[in-house]
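Only one structure is covered here, and it is reproduced in the block below.
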């Protein structure tokens with residue numbers, strides 16, 4: 001099978017890391033992270049980054065590749081990922097693209113053409129002021145008038161993505177939605193979706209959040225702030241970091257931060273399911289509460305038409 005790319009998707013905390021490492025070990029694979037916050041050094045606990053032990057079991061790519069004040073946009077991610085996939089194929093290994101950031105996955109699998117636009121901080125600031133003075137909905141309506149397709153894909157509450165879409169339009173004159181036209185993938189895609197019952201998933205999320213605080217998430221954020229990284233950086237918009245920055249500043253308690261992180265994570269999970277739908281014919285879903293990992297392994301074995309490593 002020429003140029004295979006195994007893609008593993010699913011909501012946060014479903015078990016993608018455990019499953020992907022197991023499968024990559026069995027199939028002589030290497031893992032490329034498609035979680036948009038694992039790129040950043042020093043952001044380990046709050047991003048549930050693979051541990052050093054896990055990274056030693058299987059080669060990992062795009063983990064700890066830049067500092068929190070350096071923005072990795074969609075175009076940079078896509079270009080780097082495509083180059084890494086080619087290198088993995090040259091080694092006769094199988095690339096695994098693993099993550100829950102929908103647009104990063106789709107940029108690779110659908111061969112989007114994202115604009116390589118340098119962030120315009122002045123324009124972003126003006127749009128943020130407009131959103132604060134008028135409303136999030138006002139800004140989203142402006143996007144709808146300029147690019148209806150883009151507006152339909154972006155939640156009106158997601159101000160950051162609304163601003164990014166407007167920034168692309170104003171800076172390039174190109175509709176933001178045009179970057180998402182599906183192209184011909186250069187890879188033979190095998191997409192695995194992982195799921196669990198929603199109640200079980202939410203319980204796992206809660207336990208992970210409690211574990212993050214027990215393992216020092218607040219101290220991790222404090223060290224980032226002491227190193228000079230602003231809590232308003234794009235990287236620090238990852239769920240948990242600004243909340244903990246508010247704990248460090250004394251604005252809220254740890255208990256309040258935990259409840260806010262739980263709330264935002266549930267909203268994020270719902271958005272992830274919008275990216276990867278159970279009805280998508282290109283995704284083979286596995287309920288890993290009921291099905292053993294060996295079922296996925298056997299499915300890939302048949303699909304790849306090659307013997308499993310023992």
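Taken along its three principal axes, the alpha carbon spread of segment 243-310 comes to 57, 31, 20 Å, from the longest extent down to the shortest.
Where does the chain land at 222 nm, in deg cm²/dmol rounded to the nearest 500, when only DSSP H runs of n ≥ 4 count, each adding -39500 (n - 2.57), divided by all residues?
Value at 222 nm, helices only: -15500 deg cm²/dmol.
Using 0.36 nm per residue of separation minus the Cα-Cα distance, give me the extension gain between residue 122 and residue 249 in nm, one decimal.
Contour length minus Cα-Cα distance gives 43.1 nm.
For the chain, the convex hull spanned by the alpha carbon atoms encloses 140 Å³ per residue. A Förster radius of 22 Å, combined with the Cβ-Cβ distance separating residue 170 from residue 67, puts the computed FRET efficiency at roughly 0.20. Taking Cα atoms only, the orientation of helix 16-26 departs from the longest principal axis of the chain by about 30 degrees. Angle of helix 136-146 to the longest C-alpha principal axis of the chain, folded into 0 to 90 degrees and rounded to 10: 70°.
Stretching the chain fully between residue 110 and residue 25 yields a gain of 28.0 nm (0.36 nm per residue, less the alpha carbon separation). Relative to the longest principal axis of the Cα atoms of the chain, helix 74-90 runs at roughly 20 degrees.
Applying 1/(1 + (r/R0)^6) with r as the Cβ-Cβ distance of residue 188 and residue 149 and R0 = 30 angstrom yields a FRET efficiency of 0.55. Looking at the chain as a GNM with Cα springs under 10 Å, which of 252, 84, 296 has the largest mean-square fluctuation? Looking only at 252, 84, 296, the largest GNM fluctuation is found for 252.
For segment 191-255, averaging the sequence separation of C-alpha pairs within contact (under 8 Å, six or more residues apart) and dividing by the residue count gives a relative contact order of 26 percent.
In nm, give the distance between the simple-model label positions of residue 268 and residue 294, each being 7 Å from the Cα along the Cα-to-Cβ direction. According to this spin-label approximation, the distance is 3.4 nm.
Since every read-out is calculated from the coordinates, none of them should be taken as a lab result. This one's a predicted model, so the numbers in the text were calculated from it and none came from an experiment. Here Cβ is always computed from backbone atoms with ideal geometry, including for glycine, and neighbour counts include all displayed protein chains.
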